[in-house]
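Working notes for the structure below.
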Amino acid sequence: MLRAEIREEDPLQSTTEHTSINVIFFDTLAKDFSQSVKQGDIVLLANFTISKSPTFLRDKLHPCQLEMDNKDACVYVCPSAIPGPSSSEAKYVYVPLNKLKSKTLVNVYGVVTFFKQPFPSKGSDYCTTLKITDQSDVKVICTIFCKKLEDHPLIFRVGDIIRLHRFKAEAFRDSITLINTFGWSTVTFNGIIDSPIVPRTSSKSFFYGEADKRRVQELRQWAANQSLCSDLNTSLSSVQPHMYFDFTCQLLAKAVMHSGCILLKVWDGTRCQLPLLQVAVPPDELEGECTLAKDKMNLTANVLVYDNHLEVARDLKPGAFLRFYNLRALLQKVPGQLPDQPEHLGFHLHGGTVYGRGLRSLPAETPDLLSLKSVLEKHVDLDEHEEVNDGTLLEIWYTPPESIGAEENAGPAYTVQTCEHNTQRITLAQVKRSTPPLSCHVRARVKKYLPQQLYQCLKLFCSKCKTMKDVPDDSAVANIFLESARDNQPCDEQWAATSSANSREPGRTISMHVSKDMVGKSSHMQLIFIEGMTLDEISVLSRDHKNLVPVRSENSKMTRMDLTAPFLFSGKKRYYGCKQCSRNTFENPVFTGVETWDEQAVAAVLGVQMMQYRFLIQFELDDVTDTIEALLWEDAERFFHISAVDASGCQDLQDRIQTIMDTIQPPESSLEERPWMDFCLSVYTVKDNDRNKVCYQITNTEIVKQ
DNA sequence: GTTTAGGGTTAG
């Protein structure tokens with residue numbers, strides 16, 4: 001038994017849907033038919049019977065089949081005018097590119113090193129120019145003139161392998177060029193080693209056999225070691241401003257901007273690192289899908305196509321896979337944009353074909369598209385959200401991408417806004433475009449924060465002169481005490497009761513002074529002035545004494561220590577004064593009338609302008625549309641639910657801040673893994689060298705108690 | 001059995 005598949009000779013004249021049908025031959029007829037027929041031959045069948053095709057569902061051919069089981073059944077085989085592969089292979093001889101002779105007719109194989117999409121020549125035809133090379137390492141320019149665009153070779157990228165039949169070799173400017181001539185044909189193959197060898201051609205008939213496969217394999221192998229292949233790895237996520245690059249993508253939508261410009265909205269499934277240009281198009285002028293959700297996620301590239309490329313762009317259908325060649329990435333200002341705001345990345349396919357500039361659609365099944373398709377498939381969940389009404393779209397627009405379709409991320413996880421602002425949440429890109437002053441709500445993740453050493457986020461701030469400084473480290477403070485204690489002679493003040501003792505080190509005397517008014521009061525009520533102690537000693541002593549004021553003597557008069565050191569030790573807390581705003585020294589302090597000594601009272605008596613403890617953290621926030629640097633400053637204590645001064649003397653509280661920061665930005669985590677947080681942002685301007693600088697501060701935002 | 005192009009960045 002033998003099965004043959006035959007097709008209607010002229011499908012256009014066929015009135016039925018199925019133009020191919022199975023024929024079953026039996027016995028001698030099967031054997032004879034097998035020996036005399038070649039693919040492409042015309043057959044004439046008579047006296048068959050018609051039965052249901054059992055393979056209809058599987059092979060999608062005609063639901064019936066023809067069975068040649070009748071004793072009168074016969075078949076005539078008419079050899080086709082098109083020669084079969086077996087007879088044609090020997091006819092083609094391929095000339096190496098270094099052996100081309102002028103004025104000869106040749107067939108060649110080569111690897112494409114450069115090519116241009118077909119462009120209109122000044123004559124009657126479209127022209128394709130390309131450059132090829134082979135193992136001889138000679139490069140030859142080829143020119144193909146042909147009236148019909150669809151008959152031009154299907155070259156997708158540098159590295160493709162092309163076979164040229166019936167080309168004329170000509171000398172031009174000291175080198176040989178190839179031009180198509182009568183009866184010409186071209187076949188191309190992709191240059192990827194070990195990928196299936198599938199001929200691409202628009203020729204009506206072409207010969208292709210085992211010898212061709214071998215030749216393609218040889219050239220692929222050779223080319224792989226020559227680094228001829230163009231870089232097709234530029235994705236939207238890696239594109240940089242001012243680049244020229246080849247870009248493989250899918251067309252989402254298109255719109256005619258004016259007679260000289262078509263907008264193509266495309267994506268490759270990766271997110272651009274820079275904000276992408278948004279081009280406003282009225283919905284009824286946009287052909288294809290609404291890209292709002294993808295725009296929002298910085299996934300949609302807007303390509304403006306001009307001049308000679310309009311012809312190709314006009315015929316493209318949304319959903320098509322495209323490759324742009326030598327596309328230009330440019331930073332552009334949005335109309336009405338303020339000078340300080342970031343520019344947006346747009347893409348231009350300007351006129352001309354230099355460096356191969358152009359675009360073409362790629363057949364959906366080409367192996368060139370495998371990686372693109374696999375990236376796009378990861379975004380399938382997005383599409384469902386685009387078939388929704390405007391209200392939902394608006395919501396998606398204002399929702400960070402990862403929370404789309406993920407219920408568990410829908411609500412704020414770690415922060416809550418405590419303000420009364422009734423503003424709709426906006427994107428960071430919109431924040432940057434806004435005009436200060438302004439309060440707004442955003443949802444973002446923490447990309448980075450400073451200082452990374454969290455103890456450095458504790459600052460000293462003078463509310464009078466607005467000076468801010470770091471908390472001095474222990475070694476600096478210890479040095480001040482050490483210097484002061486050296487060769488110190490205890491001071492002698494009339495108002496103080498003094499007791500002194502020798503330290504273990506020779507020459508250092510430790511003294512303690514208490515106001516005579518306070519003698520006999522319990523120790524926690526007392527204000528004790530200490531002299532000649534080291535930092536360690538004061539620290540030990542301060543465990544049991546609430547108010548220790550370190551002093552030194554100058555000409556037997558009691559003087560404050562340098563204000564780099566704390567002016568007061570109280571339990572584990574240390575209080576600092578502002579060098580600029582404090583009085584130089586204190587004389588005859590008045591201690592009467594003070595019932596309880598706290599840091600305020602001590603500062604007042606000593607003439608010290610006390611510095612406040614504050615938290616200061618700079619966050620880099622990211623919500624995909626943009627990033628901004630926002631300070632956590634005035635509302636930092638509310639944010640953490642921790643007082644800065646308490647944290648200054650308490651390791652547990654410092655650890656709690658570290659824990660919160662590790663939740664917001666888990667160590668070693670990628671941005672995508674970090675929690676979304678809701679922030680109230682205050683946008684304001686600050687004079688900076690006579691220029692107005694826009695600043696962002698996190699206000700009215702608190703960590704949710706876990 | 002003619003001609004075209006014969007690579008090398010627009011300027012929106």
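Values in this text are rule-based calculations from the coordinates and carry no lab data. Nothing here was measured: the structure is a model prediction, and the numbers come from that model. Because the Cβ atoms are built from the backbone with ideal geometry, glycine has one as well, and the counts that use them run over all protein chains shown.
For the stretch A:584-680, averaging the sequence separation of C-alpha pairs within contact (under 8 Å, six or more residues apart) and dividing by the residue count gives a relative contact order of 15 percent. Write down the percent of antiparallel bridges among all DSSP beta bridges whose residues are both part of chain A, to the nearest 5. Counting only bridges with both partners in chain A, antiparallel ones make up about 85 percent. Please tell me the relative contact order of chain A in percent, rounded to the nearest whole number, where contacts are Cα pairs under 8 Å and at least six residues apart. Once divided by the residue count of chain A, the mean separation gives 9 percent. Membrane-span-like helices in chain A (whole DSSP H runs, Cα extent of at least 15 Å along the helix axis, mean Kyte-Doolittle hydropathy of at least -0.5): A:474-485.
Calculation over all alpha carbon pairs of the stretch A:472-512 in 5 angstrom steps from 0 returns a P(r) of 5, 21, 24, 20, 17, 10, 3 percent.
A cut-off under 10 angstrom between Cβ atoms defines the neighbours of A:THR701, and their net charge, with Lys, Arg +1 and Asp, Glu -1, is -2.
The trypsin sites (Lys or Arg not before Pro) of the stretch A:497-535 that DSSP puts in a loop, and whose beta carbon has at most 11 other beta carbons within 10 Å, are A:ARG504. P(r) for the stretch A:183-328, from all Cα pairs and a bin width of 10 Å, is 10, 31, 28, 21, 10, 1 %, short bins first.
Considering only A:VAL519, A:GLN430, A:ILE6, and ranking their Cα positions along the charge dipole of chain A that arises from unit charges at the beta-carbon of Lys, Arg, Asp and Glu, the one farthest toward the positive end is A:ILE6. R0 = 60 Å: FRET efficiency of A:GLU505 with A:TYR684, Cβ-based, nearest 0.05? My answer for the efficiency is 0.65. With the charge dipole of chain A set up from +1 on Lys and Arg Cβ and -1 on Asp and Glu Cβ about the Cα centre, the Cα lying farthest toward the positive end among the listed residues A:TYR126, A:LEU277, A:VAL416 is that of A:TYR126. Rounded to two decimals, the Cα radius of gyration of chain A over 2.2 N^0.38 Å is 1.56. Note on A:ASP626, A:ASP174: ascending count of other Cβ atoms within 10 Å places them as A:ASP174, A:ASP626, the fewest first.
Annotation: amide H of A:GLY577 within the under-5 Å range of A:PHE567, A:MET611, sequence separation 5 or more or interchain, hydrogens built in the peptide plane.
Here r is the Cβ-Cβ distance between A:SER121 and A:LYS378 and R0 is 45 Å; the resulting FRET efficiency, rounded to 0.05, is 0.55. 5 Å is the cut-off here: which amide hydrogens, built 1.01 Å from N in the peptide plane, fall below it relative to A:THR685, excluding neighbours closer than 5 in sequence? Result for A:THR685 returns A:CYS695. What the phi angles of the stretch A:96-105 give under the Karplus curve with 6.51, -1.76 and 1.60, with θ = phi - 60°, is a coupling list of x, 5, 8, 10, 6, 10, 4, 6, 10, 9 Hz, glycine and proline written as x.
Determine the calculated [θ] at 222 nm for chain A from helices alone, applying -39500 (n - 2.57) to every DSSP H run no shorter than 4 residues and normalising by the residue count; nearest 500 deg cm²/dmol.
Details: 16 runs with 121 residues, N = 706.
About -4500 deg cm²/dmol.
Which entries in the list A:LYS60/A:LYS147; A:LYS122/A:LYS168; A:LYS254/A:LYS333; A:LYS147/A:LYS213 go over 26 Å, if you measure between the two C-alpha atoms of each? Check vs 26 Å cut-off fails for A:LYS60/A:LYS147; A:LYS147/A:LYS213. For the stretch A:506-609, relative contact order (Cα pairs under 8 Å, six or more residues apart, normalised by length) works out to 21 percent.
Charge tally around A:LEU61: other residues with Cβ under 10 Å, Lys/Arg +1 each, Asp/Glu -1 each, net +1. The HN-Hα couplings worked out from phi for the stretch A:145-154 by the Karplus form 6.51 cos²θ - 1.76 cosθ + 1.60 (θ = phi - 60°) are 9, 6, 5, 8, 4, 5, 8, 6, x, 8 Hz, whole numbers, x standing for Gly and Pro. Multiplying the residue separation of A:SER259 and A:SER643 by 0.36 nm and subtracting their alpha-carbon distance yields 131.8 nm. Rounded to the nearest 20 debye, the dipole magnitude of the stretch A:484-544 is 120 debye, with +1 charges on Lys and Arg beta carbons, -1 on Asp and Glu beta carbons, and the Cα centre as origin. The magnitude of the dipole of chain A, with charges of +1 and -1 set on the Cβ of Lys/Arg and Asp/Glu and taken from the Cα centre, is near 2280 debye. What you get for the stretch A:295-335, charging only the Cβ of Lys and Arg (+1) and of Asp and Glu (-1), is a dipole of about 160 debye around the Cα centre. Separation of the stretch A:207-266 and the stretch A:131-166, taken as the distance between their Cα centroids, equals 15 angstrom. Since only A:MET661, A:ASN225, A:CYS440 are under comparison, the one whose Cα sits farthest along the positive direction of the charge dipole of chain A, derived from C-beta charges on Lys, Arg, Asp and Glu, is A:ASN225.
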